[in-house]
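Take a look at the structure set out below.
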Amino acid sequence: MKPIIHINELNLYYGSFHALKNVSMDIPEKEITAFIGPSGCGKSTLLRTLNRMNDMIPGTRIEGKVEVGGNDIYGAQVEVESLRRNVGMVFQQPNPFPKSIYDNVAYGPKLHGVRSRPELDAIVERSLRQAALWDEVKDYLKRSALRLSGGQQQRLCIARALAVQPDVLLMDEATSALDPISTLKIEELVQELKDSYTIVMVTHNMHQAARISGRTVFFLNGEVVEANETQQLFSNPRDSRTEDYISGRFG
């Protein structure tokens, strides 16, 4: 598959702490790539590097190259707001704005200059349909998003990210705060979305990675130990540390 993200010799430091060490990988377009590994291994740090969320942490220093769609996202000419429009993110805890369902989804398009009500209506409906939420909320679009269930709120956050039509969707433990039924709905949704979007997800749940991802990357102590097609990595890992982790010997 064609890579949409290219990472080469990436090192990231928080002050004197070396959080990511010589990370190099390609992430294929329109596929689900899962990052797995024990807590503190660097997987979320790398995910947040892909849309420069780490810029917000004082003392962060980056060496190496990260390209999205052929563009060096740490280049001098990059507009971070434009990057984050193209590389959307869904967080561990659902974080809808204290606004209506409609205004949550319309927020990004409005921010980027869409003013036509019919156009906004079409974007809101399209995004909620993509997030498998339209049928549940279409009669209550003016209701506060905070009245939705946790699983619905997370799907709303996905709809909000999709409303600006990104190329890449990052998901940082996006189902870990949800019940099993909501988790299943999100997993089914993500598998549908991969036909249109590149999805990179961090998960502590190895079963989830095995169920829905096409490729899996195993991190340990800030390094990439192994990256491969998911079925291959879980059935025949090349590195003994990968085998020890997926078999439960540590982590």
Taking the stretch 195-224 and the residues there that are in contact with an Asp or Glu (Cβ under 8 Å, 6 or more places away or on another chain) and surrounded by fewer than 19 Cβ atoms within 10 Å (Cβ to Cβ), the one that is farthest from T45 (Cα to Cα) would be R211
How about the stretch 201-251: which of its residues are among the aromatic types (F, W, Y), touching a helix residue (DSSP H, G or I) at 6+ places or on another chain (Cβ under 7 Å) and farther than 19 Å from V23 by Cα?
F234, F250
Test: residue in the stretch 130-150 that is modelled with pLDDT under 95, in contact with a strand residue (DSSP E or B) (Cβ under 7 Å, 6 or more places away or on another chain) and within 28 Å of T203 (Cβ to Cβ):
no
Within the bounds of the stretch 37-46, is there any residue that is of a type outside the set (D, E, K, R), loosely packed, with under 15 Cβ neighbours inside 10 Å and within 16 Å of the chain's Cα centre (by Cα)?
no
Surrounded by fewer than 21 Cβ atoms within 10 Å (Cβ to Cβ), closer than 30 Å to K43 by Cβ and touching a helix residue (DSSP H, G or I) at 6+ places or on another chain (Cβ under 6 Å) - does that describe any residue in the stretch 97-115?
yes
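The values are calculated or read from the model by the stated rules, or taken from the named source; none is laboratory data. This structure is a prediction, so every number in the text was calculated from the model and none was measured. As a convention, Cβ positions derive from the backbone with ideal geometry for all residues, glycine included, and neighbour counts pool all protein chains shown.
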